[in-house]
Amino acid sequence: MALLRRIFGTPKLAPAEKRSLKREQVNDLTVPVALAMLEGGFIGVIADKIYNVPAGVLALLASAAFIGNLSSYLWTRVSSARAKVPVVVGLQVLTMACLILVVAAPVNGAGTIMVVVGVVAARCLTAGTVTIRSVVWSLNYPRSIRARTTGRLHVFTSLVMVATTLVAGPILDANPWTFRWMYVAGILIALIGILSFSRIEVSGELRHRVYERQSTSKSTTKGESAGFFQILKNDKKFARYELYQFLSGVSNMILEAPLIYLVSRQLQASYTVSIAVIMAIPFLMRTVSVPVWARYFDVVHVTKFRTRLGLVWVLSHLVLWFGAMFSSVVVLGVAQAVSGFARGGGTIAWQLGHNDFAPPEKLSAYMSVHVTLTGLRGALSAFLGIALYVGWSNIGWLPDFQGIGGHVFLLGAVIGTWSWLGFVFLYRDLRRLEAFRQRRVVRHGD
């Protein structure tokens with residue numbers, strides 16, 4: 001804790017908010033033990049080595065988190081004008097229940113279906129947790145320190161996930177069938193954190209619930225929709241931000257399933273090495289980089305933040321391409337370290353970036369648009385990535401395609417560059433607009 005205080009600074013929070021932060025920290029020290037085993041880099045390796053699933057199932061497991069995000073708008077409606085903490089607690093309990101399907105899944109076709117259903121359902125529920133929890137953060141922590149405060153929570157989450165996977169790898173190498181007991185242990189530990197989260201107090205929540213209720217009532221009275229497309233239509237700047245965020249997400253998401261396939265199946269790396277390269281290294285580097293990115297995010301608009309972050313993503317894709325071309329696990333590990341550094345910034349911007357566009361009464365709605373678009377691109381990108389990597393044959397009227405192999409990582413770099421340029425131009429346009437407004441204020445004052 002002392003190290004985190006030196007890195008992030010001490011948040012200037014009211015006593016009730018500090019108590020809530022401590023309870024969130026307990027949650028983020030325990031629940032991620034179970035969530036780590038939902039990550040594509042973990043469950044994907046188990047599915048490949050134990051269940052010997054087809055490449056398409058690997059893509060499905062890699063995209064499960066993003067498919068889950070498609071449910072975000074549903075959770076926004078469920079939680080609107082309601083106390084947020086009880087809803088989050090309910091979602092986290094149901095998430096643990098879904099993991100029981102993975103524990104009970106036999107090693108056959110039916111078991112594969114149980115694993116997929118359990119993981120996808122759990123990811124739908126965690127999407128609700130992420131969407132609703134962002135509102136709790138927006139209410140409890142002021143904008144000037146929000147990234148550093150929530151950055152502490154991200155550090156806890158990342159450290160726990162890294163520790164979980166690093167411990168799990170050697171155990172699985174010694175006896176792969178212990179994976180069931182790992183999930184059981186994760187569920188039991190997570191329940192401690194869920195209990196802690198249930199005691200969180202949310203600053204100004206009653207007032208915010210009134211805002212949400214009035215916003216919904218106002219939209220209904222005027223015959224307007226506060227829905228997905230209406231927000232993007234009414235807020236052009238946010239729509240542009242989401243477009244470039246969509247491209248950035250695609251550039252990353254098309255690569256995860258091919259990376260699992262390359263490391264675990266083609267290079268035949270062990271459980272320890274596979275999980276380390278695919279998951280542990282990037283999560284560890286994310287932990288290291290969060291403090292750096294958090295301080296920067298607190299003093300700049302999210303669009304400027306994205307112009308810096310995008311360059312790091314492109315670099316990571318290029319190094320991945322080299323690693324794939326030379327079939328080098330070491331180079332792939334270096335690439336994942338660079339990717340992990342970028343993920344630290346990406347985590348903060350993804351959770352908080354919409355707040356730089358959203359009015360207070362529409363925080364949940366803007367976040368749900370953001371999360372839903374993440375789900376859309378993720379659900380499509382993983383399958384696109386594995387199809388481009390391994391190719392296809394005998395699919396209806398489509399001609400046989402042998403795949404582009406490791407060049408899919410170069411494609412990711414190209415799309416990432418496109419996204420980065422978009423953020424550069426959006427940031428410049430916002431600066432010009434702000435300068436124009438300031439000149440008008442000066443002239444009016446004169």
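The values are calculated or read from the model by the stated rules, or taken from the named source; none is laboratory data. Bear in mind the structure is a predicted one, so any value in this text is a computation, not a measurement. As a convention, Cβ positions derive from the backbone with ideal geometry for all residues, glycine included, and neighbour counts pool all protein chains shown. For the accessible areas, the whole protein counts, side chains as well, though only heavy atoms, and no ligand, DNA or RNA atoms are used. Shrake-Rupley method; radii C 1.70, N 1.55, O 1.52, S 1.80 Å.
Close Cβ contacts (under 6 Å, 6 or more residues apart or on different chains) running from residues in region 293-321 that are in contact (Cβ under 8 Å) with a residue 60 or more places away in the chain and farther than 15 Å from residue 244 by Cβ to residues that are among the aliphatic types (A, V, I, L, M) and open to solvent by 30 Å² or more (accessible area, probe 1.4 Å) comprise 321/410. Among the residues of region 260-275, those that are surrounded by fewer than 24 Cβ atoms within 10 Å (Cβ to Cβ) and either of a type in the set (Gly, Ala, Ser) or assigned to a helix (DSSP H, G or I) (or both) comprise 261, 265, 266, 269, 270, 271, 272, 273. If you go through region 319-326 one residue at a time, do you hit one that is farther than 16 Å from residue 410 by Cβ and not acidic (Asp, Glu)? No, region 319-326 contains no residue that is farther than 16 Å from residue 410 by Cβ and not acidic (Asp, Glu).
Of the residues 24, 17, which is open to solvent by less than 20 Å² (accessible area, probe 1.4 Å) and either part of a helix (DSSP H, G or I) or at pLDDT 90 or above (or both)?
24
Selection of region 180-204 for residues being over 19 Å from residue 51 (Cβ atoms) and open to solvent by 30 Å² or more (accessible area, probe 1.4 Å) yields 185, 188, 189, 191, 192, 195, 198, 199, 201, 203. Candidates 202, 155: the one that is under 18 Å from the mean Cα position of the chain (by Cα) and β-branched (Val, Ile, Thr) is 155.
Taking residues in region 182-203 that are touching a residue at least 40 places away in the same chain (Cβ under 8 Å), and partners anywhere that are charged (D, E, K, R) and open to solvent by less than 80 Å² (accessible area, probe 1.4 Å), the pairs with Cβ atoms closer than 7 Å and at least 6 places apart or on different chains are 196/23; 197/23; 197/24; 199/23; 200/23; 200/24; 202/84; 203/17.
For region 250-259, does any single residue satisfy the condition of being of a type in the set (Asp, Glu) and buried (at least 23 other Cβ atoms within 10 Å of the Cβ)? Yes, that holds for at least one residue. Answer yes or no: is there a residue in region 311-321 that is surrounded by 18 or more Cβ atoms within 10 Å (Cβ to Cβ) and more than 29 Å from residue 268 (Cβ to Cβ). Among the residues of region 311-321, at least one is surrounded by 18 or more Cβ atoms within 10 Å (Cβ to Cβ) and more than 29 Å from residue 268 (Cβ to Cβ), which makes the answer yes.
Reported count of residues in region 160-179, each being in a helix (DSSP H, G or I), open to solvent by 20 Å² or more (accessible area, probe 1.4 Å) and out of contact with any Leu (no Cβ under 8 Å at 6 or more places or on another chain), is 10.
Quick one: would you say residue 149 is β-branched (Val, Ile, Thr), at pLDDT 90 or above and in contact with a Phe, Trp or Tyr (Cβ under 6 Å, 6 or more places away or on another chain)?
Here the answer is no, as residue 149 does not meet what is asked.
For region 357-377, taking the residues that are among the hydrophobic types (A, V, I, L, M, F, W, C) and under 17 Å from residue 147 (Cβ atoms), the one that is surrounded by the most Cβ atoms within 10 Å (Cβ to Cβ) is identified as 367.
Looking across 219, 251, one residue alone is modelled with pLDDT of 80 or more and either under 20 Å from residue 369 (Cβ atoms) or small (Gly, Ala, Ser) (or both). It is 251. Determine whether residue 354 is open to solvent by 40 Å² or more (accessible area, probe 1.4 Å) and either small (Gly, Ala, Ser) or closer than 30 Å to residue 144 by Cβ (or both). Criteria not met by residue 354.
In region 378-419, of all residues being of a type in the set (Phe, Trp, Tyr) and touching a helix residue (DSSP H, G or I) at 6+ places or on another chain (Cβ under 7 Å), the one that is surrounded by the most Cβ atoms within 10 Å (Cβ to Cβ) corresponds to 409.
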